[in-house]
Amino acid sequence: MMEKKKDFVYGAFILALSGFLVKLIGAVFRIPLTNLVGTTAMGYFSSAYSVYIVLLSLATSGMPTGIAVMVSRALALDKPRDVGKTLRVAGTVFISLGAVISTLGVIFARPIAIFMNSADAYYAMVALMPAVFCISVVALFKGYFQGFNNMVPTATSNLIEAAVKLCAGYGIAYWMIQNGYPPEQAVGGAIAGITLSTVCAMCFMLLRYLLRGSKYRLKFDQFTAAATATPLLVKEFFGTALPLMISSITSNLMGAIDSFLVMNRLTSYMSEDQANLLWGAFGNMTLTIFNLPSFLIVAIGTSLVPGIAAAFARKEFDTVKSYVNRSLKMALTLSCACAFGINAVAEPLLRLLFRDGNAIPHAAQCLRIICFVLISVGFTTVTAAILNSVKKAHLSVVSVAVGGCIKTLFTFIFVSFPVLNIYGAPMATNLAYPVIAILNLYFIRKHLGVSPDLKIVLLKPLLAGVCCFATAKIYLFLGGLISDSRLMVLPAIALTAITYVGIILGLKLFTKDELLGIFRRRRRQK
C-alpha cells in the first residue's frame, strides 16, 4: 500500500525547531532566575535537579525510545496488534514505577539534600519530585507517536512544558522574593513551577492520544488479521528498553556524582558559600549555555530511531548504512560550529546574560574548557541512537559505563587540587565523552560493517568550525574597539552563522536533495 513517510531529516527539523524554542525559553527562565535569587542559591537548584534527573531516568529512561523502536518494527512487519500490547506493557510498568519514585522522593527529600552536602536544597528537592510521575505518562505517549515517525506531539508537549515553566516558575519565585522569602525557598517555588509544567504537558499528551487521528488507531480487521503477538514480545521490549534505561541512568548519574563530588571536594578546602558560588557558576551559567545547542544533536538522534529500526527489521542494510553516514555528517556539522562558536564568545556572552560579576569569570573559563565536548556529544548521541535501533542497545551501555567511570575518577582527582578547583569538572568531561564516542563507533563498525567517511563526517566540519571561531573573534575584536564587546555578541553570532552556511555550501557538505529533505515528504512503496 501507499503510505506517506517523512525523511528522518524532516523529523529532526521539527524537533530541532521546537528544541530551539524550548532551550531559548529555558535560558530565559534560568538566566533571570539566577539574577533574581543569586548564583549561590542556584547551587541548590543544580543539586536538586541533578538528583531529579537520576530518579527520572529510573522511571522513564528507555521508555520513549524503546516504545518507538517496538512500534516502528511492528508497523514495518505489519503486526499492528503488537503496537497495543507494547503500549500496555510499557504503561503498566513505567507509570507505576514513576508513581513509586515520586512518592519516595518526596519522603526522603531532606536526607537526600543533606547527603548532597546542600541541606538548603530540600525545598527545591521536595517540589520537584512529583514531576517524575507526570513525565512517566508524557514519555509513554511520546514514544508511541515517535514510533509512527510523528515528532509533532513530542515537539508540542516540550513547548507547553517550557512555556508553563517560564511563566509559573519565575512568577512564583519573583512573588516569594518580593514577599521576603529566603532565596533557597524561592528556588523551591521556581521548581514548583517546573512540576506544574509537567502536569500541563501530561494533560496535553493524554488529550492528544485520546483524540488521535484514525491512522494512529488499530482497525478491527487489522487487529484480528495481524500476526499473533509472540510470547517474546515483552522480553523483546525490555531487551530494548532496559539497556537504554541503564545507559541513561549511568549518564545522568554522572551529573549527580558531579554535584556530590564537586561540592565534597571544594568544601574540603573552601567555605560552603564559596563552593556553592563556584558550583552555581558551572552548573547554572556554564551548563545553561553549553546545553543550548544540544537540542540540535538530540533531535537528530531521536528522529533516526524509527527509520533505522524499520529498515533494520526489513533487512534493508543499505538504507541503514545511508542513515549512519548522513546522520553523523549532520550531527558533526552542527556540533563543530557550536563548539568553536561558543569558545569564541564565551565571556562576553555570559556577561550579556548574567549579572553576577564574581561568578562570570569562573563560568567563562569552564565554558571555554567544556565547549569542545560538543563534538564528542555529536558522535555519542547519534551513534547511541544507531545502536539502539539495531538491537545493540546493550553496547551503548558499555560505552557510557566506561565513560562514566573515567569522568567520576578524574572529577575526583582534578577537583581535589585547589589550583584547578571547579575547572576540574569540565576537564574530566573532556576526557570521558571522546572515549564513549570511540567505543560506539567501534561497535557500529564491528556489527554493521559501517566505517564513516572521516573526511566528510569530521575533517570538513572541523575546518568549518575553525572558520566560525576566526570570524567571531575578528568581529568581536573590531567591534570592541568602538563599543562594549557585550553588545557585539549577538551580531557576531549572526554573522558567524551566515559565514558558516556559506562555508558548508562551499565545502559541499550537503547535497541539494539533503537540504530539501528538511521540508519535503517522500512517498515510497511499502
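Every number in this text was worked out from the coordinates using simple rules, so none of it is lab data. What you see is a predicted model; the values in this text were computed from it and never measured. Cβ atoms come from the backbone with ideal geometry, glycine included; neighbour counts cover every protein chain shown.
Across the range 188-202, in residue order, what do the Karplus-derived ³J(HN,Hα) couplings come to in whole Hz, using 6.51 cos²θ - 1.76 cosθ + 1.60 with θ = phi - 60° and x for Gly and Pro?
Along the range 188-202, the couplings run x, x, 4, 6, 4, x, 5, 4, 4, 5, 6, 4, 5, 5, 5 Hz.
When every alpha-carbon pair in the range 374-497 is counted, what percent end up more than 23 Å apart?
Details: 4061 of 7626 pairs.
Counting pairs separated by more than 23 Å, the tail of P(r) holds 53 percent.
In the structure displayed, which of K407/K508; K473/K508; K142/K391; K23/K85; K85/K315; K142/K235 lie more than 32 Å apart, Cα to Cα? Present the calculation step by step, with values, prior to reporting the outcome.
Values: K407/K508 36 Å; K473/K508 25 Å; K142/K391 20 Å; K23/K85 34 Å; K85/K315 24 Å; K142/K235 21 Å.
Violating the 32 Å Cα-Cα cut-off are K407/K508; K23/K85.
Under a plain spin-label model, where a point goes 7 Å from the Cα along Cα-to-Cβ, how far apart in nm are L459 and M270?
With each label point 7 Å from Cα toward Cβ, the separation is 4.3 nm.
Figure the gain on full extension for A401 and T92 (residue separation times 0.36 nm, minus the Cα-Cα span) and round it to one decimal in nm.
This chain segment gains 108.4 nm when fully extended.
Provide the FRET efficiency to the nearest 0.05 for the H447-R355 pair, computing r from the beta carbons and using R0 = 30 Å. All intermediate terms of the calculation are to be shown ahead of the outcome.
Numbers: r = 51 Å, r/R0 = 1.69.
With R0 = 30 Å, the Cβ-Cβ based efficiency is 0.05.
Starting from the Cα-Cα distance between L206 and L24, subtract it from 0.36 nm times their residue separation and give me the gain in nm to one decimal.
Numbers: separation 182, 0.36 × 182 = 65.52 nm, distance 2.57 nm.
Using 0.36 nm per residue and subtracting the Cα-Cα distance, I get 62.9 nm.
In Å and from the alpha-carbon atoms only, list the Rg and Dmax of the range 286-517.
Final numbers for Rg and Dmax: 19.0, 61 Å.
I need the Kirkwood Rh of the range 78-140: take the reciprocal of the average 1/r across all distinct C-alpha pairs and report it in angstrom.
On the way: mean 1/r = 0.0762 Å⁻¹.
By the Kirkwood definition, the hydrodynamic radius is 13.1 Å.
Determine, for each peptide in 103-109, 90-96, 45-51, the mean count of other beta carbons within 10 angstrom over its residues, then list the peptides with the highest first.
45-51, 90-96, 103-109
What net charge do the residues around F443 carry, taking every other residue with its C-beta under 13 Å from that of F443, with Lys and Arg at +1 and Asp and Glu at -1? Working shown, then result.
Values: positive: K391, K392, R445, K446; negative: none.
Net of charged neighbours comes to +4.
Just want the ordering: M151, M427, M488, from fewest to most Cβ atoms lying within 10 Å of their own Cβ. Before the final figure, lay out the partial values.
On the way: M151 26, M427 17, M488 23.
Placing the least packed residue first, the sequence is M427, M488, M151.
Under Stokes-Einstein, with the Kirkwood radius over Cα pairs standing in for Rh, what whole-number D in µm²/s applies to the range 386-453 at 20 °C and 1.002 mPa s? Don't skip to the end; give the middle numbers.
Details: Rh = 13.0 Å.
Result for D is 164 µm²/s.
Could you pull out every residue, at least 5 positions away or on a different chain, whose amide H is within less than 5 Å of the one on M270? Hs are placed 1.01 Å off N in the peptide plane, and Pro or chain starts have none.
none
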